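Following: one structure in structure tokens, then a few remarks.
No lab work stands behind these numbers, since they all come straight from the coordinates. What you see is a predicted model; the values in this text were computed from it and never measured. Ideal geometry is used to build each Cβ from the backbone, glycine not excepted, and the neighbour counts take in all protein chains shown.
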Amino acid sequence: MKKLNIIYEDKELLVIDKPSGQLTIGTDKDKFNSLYHEVREYIRKKNQKVFIVNRLDKDTSGIVVFAKNESLKSVLQNNWNNIAKRYYYAIVEGKTPKKSDTLKNYLDESKTLQVYVTNQTKTSKLAILDYKVINELSKYTLLDINIKTGRKNQIRCQLDYIGNPIIGDKKYSSKVNPINRLGLHTYKVILTNPINHKTYEFIAKTPKLFLDYFSKK
């Protein structure tokens, strides 16, 4: 079993830096090649239980939070958008329309599981994110993103909608992949436990590929 990249652990929480290319939780076709499976094996050796709090897309790297009891898991999940501030780095194609902006879009999902922006507000879900430019090259831009809502694929869909798909994201219009992985990483989560009101700040190292790509150009 691969060694887990543990960011933080105490009696109640376990926080992992998930690599790109790994499922957060297994599927019927692939139950064992997942972060949850590896974490469960690690925790089982300690005679503890573990429950997943948040998920990341398979090709997104970064912070995944686990709770060590089911009641805490439920409280964190039920209040997640209000108690967790989530920050991402994204490398996108082209230059963004503004150096910083707030994107607000209503999102829906097709029968083929493709998330898309819609004007239909009754059946869709509002997605909000803030972005700011950190670095620019002629063809690519590095963004710092803070999401206000936890919608499926929202960063990928919303950035594609403004004409700046994330590199390596074929599902959302990207035609290039200069770093051979999806250019999206959750680098920071600030979490307040609503039970004891303790605030945590979890930070995952920025992937070396992200830093090298912009430093060498």
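If R0 is 22 Å, the Cβ-Cβ spacing of K95 and V176 corresponds to a FRET efficiency of close to 0.90. Along each principal axis, taking the top coordinate minus the bottom one, the Cα set of region 108-217 gives 44, 40, 22 Å in descending order. Taking the three principal axes of the alpha carbon atoms in region 41-115, the coordinate ranges are 51, 29, 23 Å, sorted in descending order.
Toward the positive end of the charge dipole of the chain, with +1 on the Cβ of Lys and Arg and -1 on the Cβ of Asp and Glu, the farthest Cα among I25, F210, A127 is that of I25.
If only the Cβ of Lys and Arg carry +1 and only the Cβ of Asp and Glu carry -1, the dipole of the chain around its Cα centre is close to 160 debye. Only Cα pairs under 8 Å and 6+ residues apart enter the sum, and on that basis the relative contact order of region 1-124 stands at 19 percent.
Proximity of backbone amide H atoms, modeled 1.01 Å from N, is registered between L23 and L35 at under 5 Å, excluding neighbours fewer than 5 places apart on the same chain. Largest GNM mean-square fluctuation across T112, T121, T192, computed for the chain with C-alpha springs under 10 Å, falls on T112.
Each residue of region 25-30 was assigned a 3J(HN,Hα) from its phi angle through the Karplus expression (A = 6.51, B = -1.76, C = 1.60, θ = phi - 60°), giving 9, x, 10, 4, 7, 9 Hz with x at Gly and Pro.
Between K99, K148, K73, which gets the highest mean-square fluctuation from a Gaussian network model of the chain, Cα cutoff 10 Å? Result for the chain, Cα springs under 10 Å: K99 fluctuates most. In the chain, helices alone account for a calculated mean residue ellipticity at 222 nm of -5000 deg cm²/dmol, with every DSSP H run of four or more residues adding -39,500 (n - 2.57). Backbone phi angles across region 141-151, fed through the Karplus curve with coefficients 6.51, -1.76 and 1.60 (θ = phi - 60°), yield HN-Hα couplings of 9, 9, 10, 9, 10, 10, 8, 9, 9, x, 8 Hz in residue order; Gly and Pro are listed as x. Once you've got the GNM for the chain with C-alpha springs shorter than 10 Å, pick whichever of N79, N146, N54 has the biggest mean-square fluctuation. Its mean-square fluctuation being the largest, the pick is N79. Sequence-distant contacts, meaning Cα pairs under 8 Å at least 6 residues apart, place the relative contact order of the chain at 19 percent. Per-residue Karplus couplings for region 186-195, computed as 6.51 cos²θ - 1.76 cosθ + 1.60 with θ equal to phi - 60°, are listed in order as 7, 9, 8, 10, 9, 10, 10, 6, x, 7 Hz, Gly and Pro entered as x.
Extent of the chain along its three principal axes (Cα atoms, max minus min coordinate, largest first): 52, 45, 37 Å.
Projecting the Cα atoms of S74, P194, I179 onto the dipole axis of the chain, where Lys and Arg carry +1 and Asp and Glu carry -1 at the beta carbon, places I179 farthest toward the positive end. Each label point was placed 7 Å from the Cα along the Cα-to-Cβ direction; for E41 and I25 their separation is 2.0 nm. Amide H contacts for I134 (H built 1.01 Å from N in the peptide plane; partners 5 or more residues away or on another chain; cut-off under 5 Å): L142, L143, D144.
Answer rounded, prolate or oblate for region 1-94, using the Cα gyration tensor with square roots of eigenvalues a ≥ b ≥ c: rounded when a/c is under 1.5, else prolate when a/b is larger than b/c, else oblate. In terms of gyration-tensor shape, oblate.
Here the extension length gained between S71 and K205 equals 45.3 nm, from 0.36 nm per residue of separation less the Cα-Cα distance.
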